[in-house]
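Report on the structure given below.
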Amino acid sequence: MGSSTAAHDGADRHGALGVGRRDLIKRSAALGLISVPTMGFLSACASGGGGDDEGKAKAGKKTAKNPLAVNDSAQLEFVLFDGGFGKEYAEDAVKVYEKNFPDATVKFSATQKIQSTLQPRFNQGTPPDLIDNSGAEQMDMGVLVGKDQLADLTPLLDAPSYDDPNKKVRDTLRPGIVEMGQFDGDKVWILYYAYTVYGVWYSQKALDSLDEQYPETWDQMLAVCAKAKKKGMAGWTYAGKYPYYIPFSLYPMIAKVGGREVLDAIDNLEPNAWKHPAVKACFEAYYELQQKGYVLQGTPGLDHIQSQTAWAEGKALFLPNGSWVENESAKVIPDDFALAVSAPSGLDGSDKLPFGTIWASGGEPFIVPAKAKNGAGGMEQLRIMLSEASSKNFTGKVKSLTAYNGGTDGITLTPGLESGVAALDKAGDNVVNPRIQDWYVALQKEKIGVAGLGEMMAGRITPAEAIKKIQGFADEAAKDDSIKHYKHQ
């Protein structure tokens with residue numbers, strides 16, 4: 001998405017699955033997702049590289065109020081993804097930067113065309129100082145890291161936090177945010193600003209009208225969908241044109257059924273990872289929704305906005321998505337909708353993890369390029385955004401949590417946000433964070449998503465055929481020396 005974790009114009013927060021709003025949301029990311037980088041971008045990155053200091057702003061004076069030694073008169077250029085979270089929250093944070101550094105000029109812009117706008121500038125060695133790398137044109141993080149295109153954000157993480165000089169920035173962040181920014185080793189290349197709860201989104205009012213509770217097992221899920229169908233409502237819809245939204249509920253279901261090590265094996269591109277019995281069982285469960293006519297007719301042809309609108313209009317009960325959906329669909333969600341999110345249903349009592357196991361992670365991936373002229377300024381802008389005030393501003397305006405661990409005191413939480421916080425509380429330690437979506441963007445989106453899950457959910461291939469195809473794609477990626485490979489430590 002946000003997003004960080006969704007991945008098209010509006011969502012992502014995918015993050016990295018900034019899909020769509022990630023973005024990994026909306027992410028997010030957000031609370032945040034993404035599309036495949038072109039070969040042109042891959043080769044462009046190959047020619048870049050970190051390195052020289054030509055044209056870079058000279059360091060400023062390091063003080064208690066300026067711990068990153070920002071040059072107080074150097075220009076700062078900040079490019080934001082213009083998606084489901086809008087741009088007001090970032091503009092507000094820019095005003096704080098301008099107040100703190102009155103002699104500096106900030107050049108702020110927002111676009112949905114991140115890759116096509118910024119790819120040539122990376123190629124020329126003239127990137128902006130801070131980028132929200134999200135949306136349909138998100139640049140491939142694995143490529144950026146592998147080609148030394150990004151600055152290590154450790155100085156930011158080790159700097160005093162904006163509100164409390166006795167606490168480092170890293171000590172104010174939600175669990176998993178620092179680790180998500182790492183690819184191999186201890187360096188942190190990405191700061192995911194939004195915090196996305198992924199899962200199954202629904203109207204509590206619609207569920208109540210069926211006199212049903214959220215289903216915890218698959219038999220219960222099928223029963224609820226059958227009841228909905230009798231009342232003229234489909235059980236499910238999803239972003240058919242962007243079927244990498246399906247994993248937002250499918251991946252944590254796989255972890256619930258088979259244990260988180262199944263997702264780790266998938267992330268690690270291990271041979272036969274997709275042939276695990278838990279994967280097979282979950283694919284067959286989702287396929288059953290399609291075969292029994294519980295998916296809204298025409299869903300494979302819908303984009304994220306169209307599917308969300310149909311769902312908000314009551315044409316379908318359940319929607320796999322990220323927490324950016326509340327803001328992105330605010331204009332179409334009725335006031336009495338009672339928006340809620342749940343962790344995915346499991347299969348039955350033999351599942352390895354308890355009901356409540358959910359995917360939550362950072363969305364809206366912010367990066368400082370290695371060749372940024374004012375990298376310290378980019379990091380300082382992020383430090384400001386990670387203050388309690390900026391975090392509260394974001395949450396209040398866009399109905400999403402941030403990476404800052406707090407920032408909700410005194411805010412009246414919207415229904416979706418309140419439900420997301422409750423889902424995180426219920427999950428406890430059973431929060432999963434599949435990395436395949438930011439380690440291998442093209443594989444996740446086009447191959448697993450479109451060619452595999454999308455085809456299966458459209459009824460064009462069987463679960464067995466989908467698994468065989470997806471395992472083949474993963475095996476190809478594992479053998480491809482042009483791709484940088486990552487593994488869970």
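The values are calculated or read from the model by the stated rules, or taken from the named source; none is laboratory data. Nothing here was measured: the structure is a model prediction, and the numbers come from that model. Virtual Cβ from ideal backbone geometry, glycine too; neighbours counted across all protein chains shown.
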*Mind checking which residues of region 188-224 are assigned to a helix (DSSP H, G or I) and buried (at least 24 other Cβ atoms within 10 Å of the Cβ)?*
M221
*asked:* Can you find, within region 425-448, the residue that is nearest to the chain's Cα centre (by Cα) among those that are surrounded by fewer than 19 Cβ atoms within 10 Å (Cβ to Cβ) and in a helix (DSSP H, G or I)?
replied: E446
*Tell me, which residue of region 347-404 that is part of a loop (DSSP other than H, G, I, E, B) and basic (K, R) is farthest from E216 (Cα to Cα)?*
K373
_Please count how many residues of region 420-440 are charged (D, E, K, R) and over 12 Å from A343 (Cα atoms)._
3
*For A451, state whether it is surrounded by fewer than 19 Cβ atoms within 10 Å (Cβ to Cβ), under 20 Å from Q291 (Cα atoms) and at pLDDT 95 or above.*
yes
*Just give me the residues in region 144-188 being among the acidic types (D, E), closer than 27 Å to W359 by Cα and at pLDDT 95 or above, in sequence order.*
D152, D171
*Count, please, the residues in region 133-170 that happen to be within 15 Å of A403 (Cβ to Cβ), part of a loop (DSSP other than H, G, I, E, B) and among the basic types (K, R).*
1
*Take the residues in region 295-304 that are crowded, with 17+ Cβ neighbours inside 10 Å and out of contact with any strand residue (DSSP E or B) (no Cβ under 6 Å at 6 or more places or on another chain), then tell me which one is farthest from V332 (Cα to Cα).*
P300
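Yes/no matrix, rows are residues, columns are (1) modelled with pLDDT of 95 or more; (2) in contact with a Ser or Thr (Cβ under 9 Å, 6 or more places away or on another chain); (3) basic (K, R):
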| residue | (1), (2), (3) |
| --- | --- |
| D351 | yes, yes, no |
| T357 | yes, no, no |
| G375 | yes, no, no |
| R383 | yes, yes, yes |
| S387 | yes, yes, no |
| G406 | no, yes, no |
| D409 | no, no, no |
| V432 | no, yes, no |
*Go through region 120-177 residue by residue and tally those that are farther than 18 Å from Y486 by Cβ and within 16 Å of the chain's Cα centre (by Cα).*
8
*Residue check for V36: in contact with a helix residue (DSSP H, G or I) (Cβ under 6 Å, 6 or more places away or on another chain), modelled with pLDDT under 50 and over 18 Å from I131 (Cβ atoms)*: yes
*Do you know which of the residues in region 114-132 that are modelled with pLDDT of 95 or more and in a loop (DSSP other than H, G, I, E, B) is nearest to M385 (Cα to Cα)?*
D129
*Which one of these does V279 not meet: (1) of a type outside the set (D, E, K, R); (2) under 22 Å from S329 (Cα atoms); (3) crowded, with 24+ Cβ neighbours inside 10 Å; (4) more than 20 Å from the chain's Cα centre (by Cα)?*
(2)
